[in-house]
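One structure below.
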Amino acid sequence: MARTIVIVGTLDTKGEEIGFIRDFIEQKGHKALIVDGGITGSVPFAPDISRDEVAGAAGKTLAEIVSLGNEGAAIATMADGAAKIVHTLYNARSVDAIIGVGGSMGTSLGLAAMKHLPVGFPKLMVSTIAFTPLVTVDTMAMDQMMMQSPVDLWGLNVVTRRILESAAAAIVGMAEASERIVVEKPLVAITTRGILKYVNWIKPMLEERGYEVVVIHAVGMVGGKTLETVARHKMLCSVLDLCIGEVIEELNGGALRAGSDRLEAAGQMGIPQIVAPGSMEFWHWPGSVDTAPKDRKLHIHNPLVLGVKATTEEMVQAARTVAEKLNRAKGPVTFLFPLLGFDAHDQPGGAFYDPEGRAGFLAALKAAAGPNIKLVELNLHINDKAFADEVVSEFDKVIAGSPSCQTQ
């Protein structure tokens, strides 16, 4: 079956490259739909959606955008228009995949068009700046695919043809294989990290009950941020947010920040939540070991991961922030508090063992938690099997009052 693949780019500067990708797609029996986000230069051929239409989708005329006199503001406006057009096409089930091509301008345009498309929809950006510090995780969709062009995209040559051919073949293959995600069983998300064990027991217990389980590696923009995105797409019937360490990362500028809205989407959507303070006693240093603070307890997890022990004051602030977020939840919230430790580091002999900090966290949580939060203290470590059993037991109670999350 023929598929429709959107190509987003600026025809005034990348016309040859866009035309090459279009021709490849059409030679494979599919339809290419070109969205032109260029602004001032001439176009080598007519796109399917013109720059005037893109500007109009952003609520402007092209002349108004040109008159801004600021290339950054201009491309941001065109990116907004392109994103709206692509979403309209997606919602109308008129497209099956999207590819972008460009330098810094085209990359900002393409990534904006792809950023809020649902998880599972094929997205590929061919860019001259793909693997540079200019492209940050927060500018991309959670499942964004990037292809780095090793040379500048300045027309076609023996190198760029091969790069663009590979990219076009990749997006064709993805489009041919792609199907929209259809949730057939009630879907439950669990957050975790490698220093936590509960998923080993919780996942099979939930699967035996007829649930499908999605495990979220809580490592920032491609971790907890994914959870927030999937929750807002109404894919989940319940969230077991047992590793919320990204909250303390956000408060301290840690490397694994997931955005200021972490721990909010499930509550806003009314999704039942069971929450625990996994990995809330430390955060990750965003730089090299040499630049880490010398007056803090540090732990090198591996050459890529450097942990910094949180102070009691930082843990107290994190607890207050957690309570503030959960107090606003529209659905049921249970907070399971393991009195004996938050992860493998927080146990006798562990790198970040801190009973005092834990006590401070609990006291602050109790003081700030509203009546909607069911707080359960467990004389367990979070890595005890008995903790996993308690999570599932509480899950059974919570979903009894949630028809959308029942398997029978």
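What follows draws every value from the coordinates through simple rules; no lab data is involved. It should be emphasised that the depicted structure is a prediction, and the values quoted were computed from it without experimental measurement. Every residue, glycine among them, receives a Cβ derived from its backbone with ideal geometry; neighbour counts consider all protein chains shown.
Which listed residue (Gln268, Pro348, Thr192) has the Cα farthest towards the positive end of the charge dipole for the chain, taking +1 on Lys and Arg C-beta and -1 on Asp and Glu C-beta about the Cα centre? Comparing the listed Cα positions along the dipole, Gln268 ranks first. Size check on segment 131-196: the Cα extents along the three principal axes, sorted descending, read 50, 32, 20 Å.
If the chain linking Asn327 and Thr291 were pulled fully straight, counting 0.36 nm for each residue of separation and taking away their Cα-Cα distance, it would gain 9.2 nm. Computed from point charges on the beta carbon alone (+1 for Lys and Arg, -1 for Asp and Glu), the dipole magnitude for segment 254-393 about its Cα centre is near 320 Debye. Isolated cysteines of the chain, defined as having no other cysteine beta carbon under 4.7 Å away, are Cys243.
Fully extending the segment from Val376 to Glu16, taken as 0.36 nm per residue of separation minus the present Cα-Cα distance, adds 123.4 nm. Axis angle, to the nearest 10 degrees, between helix 104-115 and the longest C-alpha principal axis of the chain: 60 degrees. For segment 4-177, the square roots of the Cα gyration tensor eigenvalues, ordered a ≥ b ≥ c, give a/c below 1.5, which places it in the rounded category. Ordering of 23-35, 371-383 by packing is 23-35, 371-383, highest average first (other Cβ atoms within 10 Å, averaged per residue). Shape summary of segment 187-405, radius of gyration then Dmax from alpha carbon positions: 16.2, 53 Å.
Computed about the Cα centre, the dipole magnitude for the chain is approximately 400 debye when only Lys and Arg (+1) and Asp and Glu (-1) carry charge, each at its Cβ. Packing-based ranking of 209-222, 9-22 yields 9-22, 209-222, ordered from highest to lowest mean Cβ neighbour count within 10 Å. A full extension of the chain between Gln268 and Thr139 corresponds to an added length of 44.1 nm, given 0.36 nm per residue minus the alpha carbon distance.
For Asp384, neighbours were defined as the other residues whose beta-carbon sits under 10 Å from its Cβ, and their charges (Lys and Arg +1, Asp and Glu -1) total 0. The label-point distance for Ser166 and Gln148, in a model that sets each label 7 Å from Cα toward Cβ, rounds to 1.1 nm.
Extending 7 Å from the Cα toward the beta-carbon at both Ser260 and Ala73 defines two label points whose distance is 2.3 nm.
Which angle from 0 to 90°, rounded to the nearest 10, does the C-alpha axis of helix 355-368 make with the longest principal axis of the chain? Helix 355-368 sits at roughly 80 degrees to that axis. Here the simple spin-label model places points 7 Å from the Cα toward Cβ, and for Glu184 and Glu53 these points are separated by 3.7 nm. Across the chain, the mean sequence separation of Cα contacts (distance under 8 Å, 6 or more residues apart), normalised by length, yields a relative contact order of 12 percent. Highest mean packing comes first when the peptides 64-76, 97-109, 305-317 are listed by Cβ atoms within 10 Å, giving 97-109, 305-317, 64-76. A 28 angstrom limit on the alpha carbon distance is what I want to check against. Which of Lys325/Lys397; Lys14/Lys123; Lys60/Lys325; Lys294/Lys325 exceed it? Exceeds cut-off: Lys60/Lys325; Lys294/Lys325.
Placing R0 at 60 angstrom, the Cβ-Cβ distance between Asn200 and Asn157 gives a FRET efficiency of 0.70 after rounding to 0.05. Working note: 222 nm ellipticity from helices only, DSSP H runs with n ≥ 4, each -39,500 (n - 2.57), summed and divided by the residues of the chain, gives -12000 deg cm²/dmol to the nearest 500.
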